[in-house]
């Protein structure tokens, strides 16, 4: 019942958020489509932020990461060509899978992501700003930026080509990597003992295979857009924001926590790649020095 009430409450909050976003989108009809979509998603985020403050739980925002593209991309679609439908299928498979994974791990409103608790304890005076800009608005903007190649793609109305299909297959591989990594982690957590380190399956090849799959997914959308015209190479800047996010924020924070809580994690880190799921470690000497410090 606790989880069910949480699901119902979050569903209501998100319906209100997207209603506010839709009203904002339709209010600024004289502006560029991309600007209107940006305004709409920011307003929706502010609504979710308001409820996260009221409920004193910033994890209310968590599913927005995977739901936002599912709402925005169809709005931007102007031509339902075969290639456009393929793009929508890839994005919806990613978004539904990630949202289902969130729902599976959701414990109710009394549970909040440990990273949010960490920031609240470490900098209590800055917490309101950290919550608004760092935890909610920044991810919203980064997802929107990374999604720009997909938005441009669905406006082109292109036909299928071998390159587009290959790029879409890259997206399916990325989704598959995330799915397998999450299932393996869920099974491990059900049976782990004490501070045991997850070093099985994909996790024996990469310390963060789920993050690798996420980054690969965003690049697959870029690859699909690039397939239309190789002069679009400049748009690699958009998925690159995900590389910056995961390598400078998410991974370092997770690594620090693991090193503090699991004595065996140091030896695991010294023999396993950070991101790329490869059979041998290509960790640089610099990275090993950082692990040992």
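Which one of the conditions (1) in contact with a helix residue (DSSP H, G or I) (Cβ under 7 Å, 6 or more places away or on another chain); (2) surrounded by fewer than 18 Cβ atoms within 10 Å (Cβ to Cβ); (3) closer than 20 Å to residue 222 by Cβ does residue 41 fail to meet, given that it meets all the rest?
(2)
Sort out which residues of segment 83-119 are more than 19 Å from the chain's Cα centre (by Cα), modelled with pLDDT under 95 and surrounded by fewer than 18 Cβ atoms within 10 Å (Cβ to Cβ), and write them in order of number. Quick ask: steps written out before the conclusion?
The initial filter retains those residues of segment 83-119 that are more than 19 Å from the chain's Cα centre (by Cα), namely 83-86, 107-111, 117-119.
After this cut, where a residue has to be modelled with pLDDT under 95 as well, the list is 107-111, 117-119.
If the condition is that a residue be more than 19 Å from the chain's Cα centre (by Cα), modelled with pLDDT under 95 and surrounded by fewer than 18 Cβ atoms within 10 Å (Cβ to Cβ), then 107, 108, 109, 110, 111, 117, 118 are the ones that fit.
Scan (1) more than 24 Å from residue 278 (Cβ to Cβ); (2) crowded, with 18+ Cβ neighbours inside 10 Å for the single condition residue 194 breaks and write down its number.
Only one criterion is unmet by residue 194, namely (2).
Given the options 125, 187, name the one that is part of a loop (DSSP other than H, G, I, E, B) and loosely packed, with under 14 Cβ neighbours inside 10 Å. Please lay out each step first, then the result.
Working: 187 fails: part of a loop (DSSP other than H, G, I, E, B).
So the residue among 125, 187 that is part of a loop (DSSP other than H, G, I, E, B) and loosely packed, with under 14 Cβ neighbours inside 10 Å is 125.
Determine which member of the set 151, 169 is touching a residue at least 24 places away in the same chain (Cβ under 8 Å), within 23 Å of residue 77 (Cα to Cα), part of a helix (DSSP H, G or I) and out of contact with any strand residue (DSSP E or B) (no Cβ under 7 Å at 6 or more places or on another chain). Break it down stepwise before answering.
Working: 169 fails: touching a residue at least 24 places away in the same chain (Cβ under 8 Å).
Of 151, 169, the one residue that is touching a residue at least 24 places away in the same chain (Cβ under 8 Å), within 23 Å of residue 77 (Cα to Cα), part of a helix (DSSP H, G or I) and out of contact with any strand residue (DSSP E or B) (no Cβ under 7 Å at 6 or more places or on another chain) is 151.
Which of (1) within 22 Å of the chain's Cα centre (by Cα); (2) modelled with pLDDT under 95 is the odd one out, the single condition residue 158 does not satisfy?
Result: residue 158 passes all but (1).
Give just the number: which of (1) more than 19 Å from the chain's Cα centre (by Cα); (2) in a helix (DSSP H, G or I); (3) more than 23 Å from residue 128 (Cβ to Cβ) does residue 29 not satisfy?
(2)
Select from segment 202-240 the residues that are surrounded by fewer than 17 Cβ atoms within 10 Å (Cβ to Cβ), at pLDDT 95 or above and within 21 Å of residue 173 (Cα to Cα) and list them in ascending order.
Selection gives 236, 240.
Residue by residue through segment 47-86, note down the ones that are in contact (Cβ under 8 Å) with a residue 12 or more places away in the chain, assigned to a helix (DSSP H, G or I) and farther than 24 Å from residue 220 by Cα.
Of everything in segment 47-86, those that are in contact (Cβ under 8 Å) with a residue 12 or more places away in the chain, assigned to a helix (DSSP H, G or I) and farther than 24 Å from residue 220 by Cα turn out to be 47, 48, 49, 51, 52, 53, 58, 59, 60, 61.
The values are calculated or read from the model by the stated rules, or taken from the named source; none is laboratory data. Note that the structure is a prediction, hence the values are computed from the model and not measured. For neighbour counting, all protein chains shown are included, and Cβ atoms are generated from backbone atoms with ideal geometry for every residue, glycine included.
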